[in-house]
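Data first, discussion second: the structure below is written as structure tokens.
The values are calculated or read from the model by the stated rules, or taken from the named source; none is laboratory data. Just so it is clear, the structure is predicted and the values come from calculations on it, not from any experiment. Note: ideal-geometry Cβ built from the backbone for every residue, glycine included; neighbour counts use all protein chains shown. Keep in mind that these areas ignore ligands, DNA and RNA; they rest on the heavy atoms of the full protein, side chains included. Shrake-Rupley method; radii C 1.70, N 1.55, O 1.52, S 1.80 Å.
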Amino acid sequence: QRCIRDSADTVGTNTLGSAKNDATAKANTALSSAKTYAETIMAYGSNLVRNPNGNPDHDLDKLGASKLTKTMPAAHPEGITSAIHLGNVRDTNFGWALDSFRSHTFRISGWAYRKAGGVTSSFGIYWTDTGNGNHWQAIAKAAANASGWTYVSGSYTVPSNAKTARLWMQVDRDTTTATVADWYWTGLQCTDETAARSYVDTFEGELTQT
């Protein structure tokens with residue numbers, strides 16, 4: 001009877017150990033998947049641009065209704081059917097300011113189309129410093145000889161001495177001459193990578209504790 005009991009105890013211990021290992025492996029897999037999901041959501045789901053495709057039905061970014069159009073210069077490779085038409089205007093500021101920006105890194109991207117002219121066009125951040133100095137930082141820049149819809153992107157860390165900051169777009173033409181340029185943008189994306197990283201770190205910390 002003792003041999004039978006010892007054998008049963010051994011089988012029970014091995015079974016419990018196997019079940020524990022299996023549960024731990026599954027928990028680690030779930031944790032890893034949850035972390036990946038959180039990072040994906042924060043990286044791609046937190047677009048600060050309110051009307052990324054320039055839909056003229058609602059001017060959420062306060063760019064001016066005349067800049068929003070459903071008349072595309074050419075078919076977009078991803079099937080987008082509206083855009084922001086900068087035309088021949090040099091600077092276009094978004095009508096709302098960024099809330100948190102000092103020492104924050106922003107990733108900016110978008111699709112640009114050069115219809116006329118030989119100057120660059122950019123999507124970036126306009127910020128002022130504590131001394132009221134003006135700074136126009138081009139982050140995603142389309143080349144002066146760009147052909148067709150071109151995807152561009154870049155990252156930038158706003159300095160700690162920034163006083164205000166807002167998104168901004170530019171057609172880099174010389175306003176003192178009769179330079180003609182015509183640019184379209186769509187699929188705009190602006191992600192606050194600093195805030196996203198903070199959210200993910202907090203989320204992962206809570207997952208680890210559980």
Considering the range 108-132, residues that are closer than 12 Å to G154 by Cα and of a type in the set (G, A, S), and then whichever is nearest to the chain's Cα centre (by Cα), we arrive at S109
Quick one: in the range 66-80, which of the residues that are free of Cβ contacts under 8 Å to residues at least 24 places away in the same chain and assigned to a loop (DSSP other than H, G, I, E, B) is nearest to A181 (Cα to Cα)?
T71
Report the residue count in the range 92-149 for those that are more than 23 Å from D61 (Cβ to Cβ) and in a strand (DSSP E or B).
2
In the range 149-170, what residues are in contact (Cβ under 8 Å) with a residue 60 or more places away in the chain and under 25 Å from G64 (Cα atoms)?
W149, T164, A165, R166, L167, W168, M169, Q170
Determine which member of the set Y151, Y126 is within 16 Å of C190 (Cα to Cα), surrounded by fewer than 14 Cβ atoms within 10 Å (Cβ to Cβ) and of a type in the set (F, W, Y).
Y151
Can you tell me which residue is farthest from G87 (Cα to Cα) among those in the range 162-187 that are open to solvent by 40 Å² or more (accessible area, probe 1.4 Å) and modelled with pLDDT of 95 or more?
K163
Tell me, please, whether a residue that is within 23 Å of T179 (Cβ to Cβ), part of a loop (DSSP other than H, G, I, E, B), of a type in the set (A, V, I, L, M) and open to solvent by less than 40 Å² (accessible area, probe 1.4 Å) can be found in the range 50-65.
yes
